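Take this structure first; my questions come after.
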Amino acid sequence: MTIKDIARLSGCGVATVSRVLNNHPDVSEETRQKVMAVVEANGFQPNNNARQLKQQTGTGIAVIVKGTQNMLFADLVERIQGLLREAGRDGQVYYLDEDADEVAYALQLCRERKPPGILFLGGDLELFQSKFQSIGVPCVLLTNSAKDLGFHNLSSITTDDREASRQAVHFLAGRGHRYIGLMGGNFSCFQIGYSRFLGCQQACEELGLPFDGMRQCEFCRYSMAEGYAATRRLLERCPELTAIFAVSDVMATGVIRALRDLGKRVPQDISVMGFDGVAISDYLVPRLTTVRQNTSQIAERGVNVLLRNIERGCRPLHEVVPFQLIEGESVARLPLGRDAAAK
């Protein structure tokens, strides 16, 4: 007796029978009992050797997450796993350090686990440019654009980071802020942080605001602790700032705590704006003003595009999903004359 026989006798699909036999949680109790009744009535014994062979040849979609403290990625991973389960697929999640080589790791996975496809959450385009040609399975890069790389098996789903940052600075300027600090991210031209840097720079040029990258920008990794430490460095160098734009909400959380420990009130003394729109931004005191990425759409499109390419070998797609500017309580409207006094 085979799994197909069990599926026919139980009236369930082959994928459902497989989930029951492998003790997956996403099966109703009624369905589980129906399948197991057929198994027990026919004395079916799973072929462990065949199961091990199947694991070696790879059945699970690899999800490679670059950065262990990025809350946006945590939200994406949860949504991606749910979408894969609904599609009858397994997802194997691998967390890497923010500075790790995700493409080299993907090559290792392809050799050892042979996944049918890979989702990358975050990525350094320089690494893709130099090494990705050795990867043969369909892949999708989320939160960065691979459009200009030209690989036949690499799609991408992202936000327009440059435009989102440009609008964020315009929002701050509209509240009277002229001296704005940019916090966080890697400003290498291959990183997401660089697109946000360019958006900030562009807005300052359009508005005639001062923007000295050496003074007003402070690099840090995507974590609260890094955001906290970077805030102190930035304000020591640029005490005239009236607002800090952090390129992620997790950094902005560290910024707000650092400002409080420095005896500064948010937003009365200094305003803070974030990027991502993760859940914690709604519960900070004050509630964070931020750029919200559409994680539901990014996850759904990423999974759909990857499965389509695995099953049908379609051409790669490169999509940009919309963002929202969410006004919270962390940005003050400056009273007339205050910015001039800061100068």
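The values are calculated or read from the model by the stated rules, or taken from the named source; none is laboratory data. Predicted model only: the values in this text are computed from it and were never measured. Glycine also receives a Cβ, built like all others from the backbone with ideal geometry; neighbour counts cover every protein chain displayed. Remember, those area values only see protein heavy atoms, side chains included, never the ligands or the DNA or RNA. Shrake-Rupley method; radii C 1.70, N 1.55, O 1.52, S 1.80 Å.
When Rg/Rh (Cα atoms, Kirkwood Rh) is calculated directly from the model, which label among (i) 1.09; (ii) 0.95; (iii) 1.01 fits?
Matching entry in (i) 1.09; (ii) 0.95; (iii) 1.01: (i).
If you don't mind, another one. Leaving ligands, DNA and RNA out of it, work out the accessible area of T2 with a 1.4 Å probe and give it in Å² to the nearest 10.
My reading of the accessible area for T2 is about 70 Å².
Give me the percent of DSSP beta bridges within region 173-322 that run antiparallel, rounded to the nearest 5.
On the way: 1 of 14 bridges.
Within region 173-322, antiparallel bridges account for around 5 percent of the total.
Next up: Let me know the shape class of region 65-119, please: from the alpha-carbon gyration tensor, a ≥ b ≥ c as square roots of the eigenvalues, rounded when a/c is under 1.5, otherwise prolate if a/b is greater than b/c, or oblate. Intermediate results must be reported in sequence, preceding the final value.
Working: a/c = 3.26, a/b = 1.08, b/c = 3.02.
In terms of gyration-tensor shape, oblate.
Stretch K147-R32 to full length: gain in nm at 0.36 nm per residue minus the Cα-Cα span?
Taking 0.36 nm per residue and subtracting the Cα distance, the gain is 37.0 nm.
Moving on to the next point. With θ set to phi - 60° and the Karplus curve 6.51 cos²θ - 1.76 cosθ + 1.60, what are the ³J(HN,Hα) couplings of region 193-198 in order, to the nearest whole Hz, using x for Gly and Pro?
Result, rounded to whole Hz: x, 5, 4, 6, 4, 5.
Right, here's the next one. Give me the percent of DSSP beta bridges within the chain that run antiparallel, rounded to the nearest 5.
Bridges in the chain are about 10 percent antiparallel.
Find the centroid of the Cα atoms in region 101-150 and in region 267-328, then give the distance between the two in whole Å.
The distance from the Cα centre of region 101-150 to that of region 267-328 comes to 21 Å.
Also: Put a dot 7 Å past each Cα toward the Cβ at R308 and E86; how far apart are the dots in nm?
Placing both labels 7 Å beyond Cα along the Cβ direction yields 1.6 nm.
Which of the three applies to region 205-279, rounded, prolate or oblate, going by the alpha-carbon gyration tensor with a ≥ b ≥ c and a/c under 1.5 meaning rounded?
Numbers: a/c = 1.43, a/b = 1.24, b/c = 1.16.
Because its axes are fairly even, with a/c under 1.5, region 205-279 counts as rounded.
Along the Cα→Cβ direction, 7 angstrom out, place labels at A279 and D97. What is the inter-label distance in nm?
2.9
Here's another thing I want to ask about it. Give me the one-decimal nm value for the distance between modelled label points at A104 and Q297, 7 Å along each residue's Cα-to-Cβ direction.
3.7
May I ask what percent, to the nearest 5, of DSSP beta bridges between residues of region 119-240 are antiparallel?
Working: 1 of 10 bridges.
Beta bridges within region 119-240, antiparallel portion: roughly 10 percent.
Near K147, which aspartates and glutamates are there with a Cα under 14 Å away, not counting those fewer than 8 places off in the same chain?
D124, E126, D160, E319
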